[in-house]
Amino acid sequence: MSYMKEFTKGLIKENPTLVTLLGMCPTLAITTMASNAIGMGAAATFVLICSNTVISLLKKVIPKQVRLPSYIVIIAGFVTLVGLLLQAYVPSVYSALGIYLPLITVNCIILGRAEMFAGKNKVLPSILDGAGMGIGFTLALLAVGSIREIFGSGTWFGIQICPDFMQPMTIFILPAGGFFVLGCVIALVNKISDRKPPEATGCSACPNKEACSECAEKADGKEAGN
């Protein structure tokens with residue numbers, strides 16, 4: 001197993017926001033400012049790394065029947081911890097993230113990595129997977145948040161960068177602007193990485209098919225049928 005591959009795959013190739021289109025609610029809701037994007041990305045990365053580590057350590061102990069509830073309890077514990085830390089030391093970021101901070105508990109990115117990777121792999125690869133996916137999520141949020149803040153407010157990280165005579169386009173900080181910017185960023189990433197629509201569909205087109213037990217069972221069923 002290539003440790004570098006496990007880390008870098010989440011940056012572009014399997015970016016959770018721009019490729020697999022997960023975590024859309026916080027992506028659209030809190031990216032009106034670049035600082036909010038960094039705060040959400042850092043919190044999600046912390047939870048990803050910690051939850052992946054614990055789940056990987058306990059994967060042989062957790063009964064299969066209560067796998068998902070157990071994962072949620074573990075993730076919720078780390079979300080509570082990061083919420084308390086932000087509230088104590090960075091209250092402005094805590095207030096800006098609002099309800100979307102506790103909702104990290106049921107974020108599809110974190111639950112997905114727990115189910116698809118951490119629950120099936122060793123600790124070090126799981127840590128690298130969580131770090132890569134978290135940084136990829138943060139970079140996606142930063143890209144969308146920077147564009148929306150610059151064009152919508154004329155600032156970047158709260159610093160005025162546009163001349164006074166230029167009127168900010170407030171549509172960029174509205175929901176419609178969020179969808180537009182996100183679509184443009186996704187299109188740009190697809191163009192740069194030269195990604196094309198997959199010829200196959202279903203499990204055969206899934207980037208995580210090698211680690212997915214459900215995909216493996218379907219493949220075995222097809223082979224048995226043949």
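Read the figures in this text as sums done on the coordinates, not as results from a lab. All figures in this text were calculated on a predicted structure; none of them were measured in a lab. All Cβ positions, even for glycine, are placed from backbone atoms using ideal geometry, and neighbour counts span all protein chains on display.
Assuming R0 = 45 Å, what is the FRET efficiency of Leu103 and Asp164, from their Cβ-Cβ distance, to the nearest 0.05?
On the way: r = 38 Å, r/R0 = 0.84.
So the FRET efficiency works out to roughly 0.75.
What do you get for the angle between helix 34-58 and the principal long axis of the chain? Use alpha-carbon atoms, 0 to 90 degrees, nearest ten.
20 degrees
Mind checking which of Lys191, Lys59, Lys120 has the largest fluctuation in a GNM of the chain, springs on alpha carbons under 10 Å?
Most flexible of the set in this elastic network: Lys191.
Please list, in order along region 125-136, the HN-Hα scalar couplings obtained from phi with the Karplus expression 6.51 cos²θ - 1.76 cosθ + 1.60 (θ = phi - 60°), rounded to whole Hz, x for Gly and Pro.
3J(HN,Hα) across region 125-136, in whole Hz: x, 5, 5, 5, 4, x, 5, x, 5, x, 5, x.
Would you mind checking the tilt of helix 213-225 against the longest principal axis of the Cα atoms of the chain, expressed as 0 to 90 degrees and rounded to 10?
50 degrees
Could you give each residue of region 102-114 its phi-based ³J(HN,Hα) in whole Hz, using Karplus coefficients 6.51, -1.76, 1.60 with θ = phi - 60°, and x for Gly or Pro?
So the Karplus estimates, Gly and Pro as x, are x, 6, 4, 3, 10, 5, 4, 5, 6, 5, x, 5, 5 Hz.
Would you look at the GNM of the chain, springs on alpha carbons closer than 10 Å, and say which of Leu142, Leu81, Leu18 moves the most?
The residue with the greatest mean-square fluctuation here is Leu81.
Mind checking the angle between helix 175-192 and the chain's longest principal axis? C-alpha axes, 0 to 90 degrees, to the nearest 10.
Helix 175-192 sits roughly 60 degrees off the main axis of the chain.
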